[in-house]
1. How do the peptides 91-99, 63-71 rank, highest first, by the average count of neighbouring beta carbon atoms within 10 Å per residue?
2. Residue separation times 0.36 nm, minus the C-alpha to C-alpha distance between residue 123 and residue 111: what's the value?
3. For residue 76, project a label point 7 Å along Cα to C-beta. Then give me every residue of region 28-57 with its amide nitrogen under 19 Å of that point.
4. Quick one: pull the percentage of alpha-carbon pairs in region 14-78 with a separation above 18 Å.
5. Answer with one residue from 62, 77, 49: the one whose Cα lies farthest towards the positive end of the charge dipole of region 45-87, charges on Cβ with Lys, Arg +1 and Asp, Glu -1.
6. Pop out the ³J(HN,Hα) list for region 117-124 in order, Karplus 6.51 cos²θ - 1.76 cosθ + 1.60 with θ = phi - 60°, rounded to Hz; leave Gly and Pro as x.
Amino acid sequence: MTKKKAISSRKLTSEDADQLHDISGVNVYACYQCGNCSASCPAVEFMDIPPHLVIRLAQLGFIDELIEAETPWICAACITCTVKCPRGVDIAKVMEGLRQIVLRRDFEHINIREIDKKLREKLPQIALIGNFRKTIL
Ligand code: SF4
Ligand code: SF4
């Protein structure tokens, strides 16, 4: 069961919408809300915003709501939604774009020097790399 999500009435376009387009390369305006993406998504029941509504909110410029959502982090990047979309909308790339926006905003979120040396030696390298996987625009 998908959880309900409150949406604010803030501005309908933003620089973040442009950034999402620049990062993902996806034209979200091609979507006509058929719902195939959500119907085929194996993780939809765990998401707070189903994939077709992610695309609708992206069309409307509600990017802040999307990057605060759990959905992009629940997405398993399996691309089932992308394959099923009759309009060629690459929803999986939109999810990745949203994750990238969050990661780029939190550039100073983790400082390697603040991680205990003993813990740092024990942590799997991929955990550290995952936290530093950011690019400045
Ligand atoms: S499958 Fe494609 S056209 Fe249908 S709702 Fe999802 S993104 Fe939109
Ligand atoms: S890529 Fe993500 S949103 Fe698309 S079907 Fe897979 S888990 Fe769902």
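1. Ranked by mean Cβ neighbours within 10 Å, highest first: 91-99, 63-71.
2. Gain on extension, residue 123 to residue 111, equals 2.9 nm.
3. Once the point is set 7 Å along Cα→Cβ of residue 76, 36-52 turn out to lie under 19 Å by backbone N, inside region 28-57.
4. So the portion of pairs separated by more than 18 Å is 34 percent.
5. Going by the charge dipole, the pick is 77.
6. Here the 3J(HN,Hα) series is 4, 5, 5, 4, 5, 7, 5, x Hz.
Every read-out reported here was derived from the displayed coordinates using simple, explicitly stated rules and does not represent laboratory data. All of these numbers come straight from a predicted model, not from anything done at the bench. Every residue, glycine as well, gets a Cβ built from its backbone with ideal geometry; the counts of neighbours run over all protein chains shown.
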